[in-house]
1. Output the residues belonging to the stretch A:11-36 that are within 12 Å of chain B (Cβ to nearest Cβ) and open to solvent by 50 Å² or more (accessible area, probe 1.4 Å).
2. Here is a list of conditions, (1) open to solvent by less than 70 Å² (accessible area, probe 1.4 Å); (2) assigned to a loop (DSSP other than H, G, I, E, B); (3) over 30 Å from B:A380 (Cβ atoms); (4) among the small types (G, A, S), and A:G230 meets all of them except one; can you say which number that is?
3. Would a scan of the stretch B:430-448 turn up a residue that is part of a loop (DSSP other than H, G, I, E, B), more than 23 Å from B:E637 (Cα to Cα) and either open to solvent by less than 40 Å² (accessible area, probe 1.4 Å) or at pLDDT 95 or above (or both)?
4. Is it the case that some residue within the stretch B:512-525 is in contact with a Ser or Thr (Cβ under 9 Å, 6 or more places away or on another chain), more than 24 Å from B:G594 (Cβ to Cβ) and assigned to a helix (DSSP H, G or I)?
5. Just one of the numbered conditions (1) free of Cβ contacts under 8 Å to residues at least 40 places away in the same chain; (2) on the phi > 0 side of the Ramachandran plot is not true of B:A397; which one?
6. Determine whether B:L14 is outside any loop (DSSP other than H, G, I, E, B) and more than 27 Å from B:L95 (Cβ to Cβ).
7. Taking A:A83 as the residue in question, decide whether it is open to solvent by less than 50 Å² (accessible area, probe 1.4 Å), closer than 14 Å to A:V127 by Cβ, at pLDDT 95 or above and away from chain B (no Cβ under 12 Å).
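The values are calculated or read from the model by the stated rules, or taken from the named source; none is laboratory data. It should be emphasised that the depicted structure is a prediction, and the values quoted were computed from it without experimental measurement. Because the Cβ atoms are built from the backbone with ideal geometry, glycine has one as well, and the counts that use them run over all protein chains shown. Accessible surface is based on the protein model in full, side chains and every heavy atom, while ligands, DNA and RNA are left aside. Shrake-Rupley method; radii C 1.70, N 1.55, O 1.52, S 1.80 Å.
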Amino acid sequence: MKFLVCLKQVPDSTVRVKVAADGKSIATDGITWSISPYDEYAIELALEHKDGDPSTTVSVVTVGPARSRDALRQALAMGCDDATLVTAADTVGGLDVAKALAAVVKEAKPDVVLCGKQASDDDQGLVGPALAEALGWPHVGMLTKIAAVADGVELWREIEGGHEVWTAPTPVVGLVHKSAKEPRYPSLPGIMKAKKKEIPEKDLAALGVTPGAPRAEVVAMEPPPQRGGGKILKADGDVKALAAELARLLHEEAKVL
Amino acid sequence: MSPPTQGIWAIVLLVLTIAAAAVFGYRVLGLYRLLRLGRDESRVDQPWRRLRDEIVVYLGQRKLLKRPYYIRGVGHALIFWGFLVITWGSADLLLRGIVGWQLPFTDTAAYAWILDVFAVAVLVSVVVAVFRRAVLRPPRMHRVPEGYVILTLIGFLMLTLLVFESAAIAATRDELGQLLRVFPPVAAALAPLISTAAGPAIFAGAWWAHVVTILAFAVYLPRTKHLHIVTTLPNVFFRSSRPRGALQLIDDIENKETFGAANVRDFSWKQLLDGYTCTECGRCSDNCPALATGKTLDPQKIVLDIRDQLLREGPKLLADAKAETTAPAHWVATKPDELWACTTCAACVEACPVTIEHIDKIVDMRRSLTLMEGAAPPEAQRAMTNIERAGNPWGEARATRGDWAEGLGIPTFAEKPDAEYLYFVGCAASYDRRNQRVARALASILKSAGVSFAILGAAETCNGDPARRMGNEYLFQLQAQQNIETLNAAAVKKVITSCPHCFNTIANEYPQLGGNYEVVHALPLVKKLLAEKKLTLTGGAAAEIVAYHDPCYLGRHNGIYDAPRDVLDAVPGVTRAEIAPHNRERGFCCGAGGGRMWMEEKMGQRVNHRRVDQLLATKSGATKVASGCPYCLIMLEEGVGAKGVQESIKPVDVLELVAARLETS
């Protein structure tokens, strides 16, 4: 089976992000970037197939600025076979990203396209479904497992309190929620091989995509309010009074009761 | 008396000796060829230190005479020293018997006395050893028949020696002048039991029995663990010259294709020699905190597994150098839980009488798992990813690394480029709330003593210790290089650490990558500041008993046992207690070293809980337990909490006790 995983490079989850001077984007200097966690699960899901069946190929693609190449290298180091970088400014909108990906998919002709269910930076969850629309393929969300069956794939979706099993014909777009195992840690030979691999680069124009004006715009960004210090009630013997005071505070000040 | 080898008998002895030497040589050569299957490693630097080790460790039996093995150690030392003395006599017997040459001193009364006394001492030791094996049956001792065979051979050698010496005295007692000779005490005491007439025959019989036993011993030796009497000699000579806390560097890592050890050929010849040298005494296992708390790891088994693998698979590999498939080997693949249970506390290395290097083997196998297979436990992988991305194993934000120092007026090196010392804070003291208090305590101590220091703030990153010990040499080297670049760019010369792991890595491992600094752990520095009267402590705080817990990377790995105790003793109102017998070089690990801090501990009892048990068992009345390591502090905090004794005994860092008594002027 042939997999194509679409990934996005995002600020690593350990980064404490700051709002940039323009008030509507984040300051990117000194940031550690990594593959969006749901996309890492998608890679792991595809690679688990490859573990079981060595004839499986796993390709990765991203649409993003030149630094996204590092994310592709990471995916190659994990064991993906080849990578494609579509260079585009950060500001290119989700629909245009989906169009560019559709062009790459049409060329690569995979059986299964996997995306993370959403990127961990903007949490829009737009590109995956948009890509399926652009391709005219079925798409299934919240995947935790894929198994090959006759004429297609069996897809496990996580739902409240359990899971559903769907089947779909290939080609299909799957949006990944989680993999059974944590995304693998690359081996050192894997890292070294990935360093030497050629990563072909394409731009939007070559794929026939002309970025249109964004259909949505971020107007403002602000950090969450600073957490205030907690309040400690002194216990001086009278537990009942203390409990009454706590109830009063929860009701009147915290307004949770 | 002249040897009973007149005429044809000298030829018989010659033939027997050559035959025994040939079998011995053939077997040793076979072992040597197997050894050469291992990878190359140079172990000949510092030859004088190596010779000194031979004298102290081999001849002096230094590593046998250790707590709690004094009696066994003395028993062994007597057998060993006796063996040396008697071997000289044995060589003399063979030479005189075959060609009539005599070795120096062997005809002196003094030598006869020494031989006599040692023969008895060895006999007694053999009896004690048999008694231990058969009756006392110490746990984890391998009671294989081999042990009894060897003890019987040694005992028989001593008996025949005494008998032929007595017979010689008996046979010659009437000879002129012999009465004036000072006879060896035991043989002389036995001599009257033998008549003058029977003397020569008994002498010849016992003499031949003795000599043939020596030869049989030589033939049997290479097939047994008793080979250690030979292999300990090279094993001590070629012991690592690295500081104990330093793991071996993988040089030129970017251009290598295989890493770590997945089968016998991946170990160095010295690591294989360790296997030949193991005496199966079980001291390593006796002291292993993982084994003691019910993990599957057994350091002795690791050494013996490698040896057995070599003896089993080696001949096939010798026959076909490319026999990749003949050694699926792989205790690596089948027993990773054992390997991940190691805390690298070095209790095994400390306990081993013959300088076997257990940690290197375990880390080499971890390297194979992590670097070749990407097969570290998921929590370990998470910690490594965090180090990669955030510069600390907890995955806290890189940018907030220096936040603990906010408002304390502690400059960064950028702000104070001429600071004398860099305080390398480490991840734990930077991010862990409990340990931040230790960092603040040290800062206040340094300020009070007028020490010129600065920190790196957000420019500091994990020193790489956990990554290296989880087998990720590559990540370690990336981290180390990054820190070395930062330190060199800031022209740092002297480094203070409050974490023994930071201390060990920067002091002992960074030189491997070209980072050379004068590194000091905070406690020896505080001791110095106190001695120089730069630091004055006042009473005021209530008197308290404080137990000291030895961190492995201060104590066993770096020999810093006394400085922390001296500092504790200098703190007004503090009475120091020991967690005996698990203190100093027998200190019991907290369970967090070797990257274990970030791994789950599901098997057996938790190591830190056992440590708290030991602490409570001393009934010292201690209300605090002090250490000098952030990992120990975290583990002890968890341990006293789990045992429900957090109200009666509080874990602290020694630095906090000092800081609480600073003179505020």
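1. First, the residues of the stretch A:11-36 that are within 12 Å of chain B (Cβ to nearest Cβ): A:11-18, A:27, A:29-35.
Once the filter is applied, which keeps residues that are within 12 Å of chain B (Cβ to nearest Cβ) and open to solvent by 50 Å² or more (accessible area, probe 1.4 Å), the stretch A:11-36 yields A:S13, A:R16, A:V17, A:K18, A:D29, A:G30, A:W33.
2. Going through the list (1) open to solvent by less than 70 Å² (accessible area, probe 1.4 Å); (2) assigned to a loop (DSSP other than H, G, I, E, B); (3) over 30 Å from B:A380 (Cβ atoms); (4) among the small types (G, A, S), A:G230 breaks only (1).
3. no
4. Among the residues of the stretch B:512-525, not one is in contact with a Ser or Thr (Cβ under 9 Å, 6 or more places away or on another chain), more than 24 Å from B:G594 (Cβ to Cβ) and assigned to a helix (DSSP H, G or I), which makes the answer no.
5. (2) is the only condition that B:A397 fails.
6. Numbers: outside any loop (DSSP other than H, G, I, E, B): yes; more than 27 Å from B:L95 (Cβ to Cβ): no.
The answer is no for B:L14.
7. Criteria not met by A:A83.
Rundown of residues vs (1) in contact with a Leu (Cβ under 6 Å, 6 or more places away or on another chain); (2) open to solvent by 60 Å² or more (accessible area, probe 1.4 Å); (3) within 22 Å of A:I31 (Cα to Cα), yes/no style:
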{"site": "B:G391", "(1), (2), (3)": "no, no, yes"}
{"site": "B:R398", "(1), (2), (3)": "no, yes, yes"}
{"site": "B:D403", "(1), (2), (3)": "no, yes, yes"}
{"site": "B:G407", "(1), (2), (3)": "no, yes, no"}
{"site": "B:K416", "(1), (2), (3)": "no, yes, no"}
{"site": "B:Y423", "(1), (2), (3)": "no, no, no"}
{"site": "B:G426", "(1), (2), (3)": "no, no, yes"}
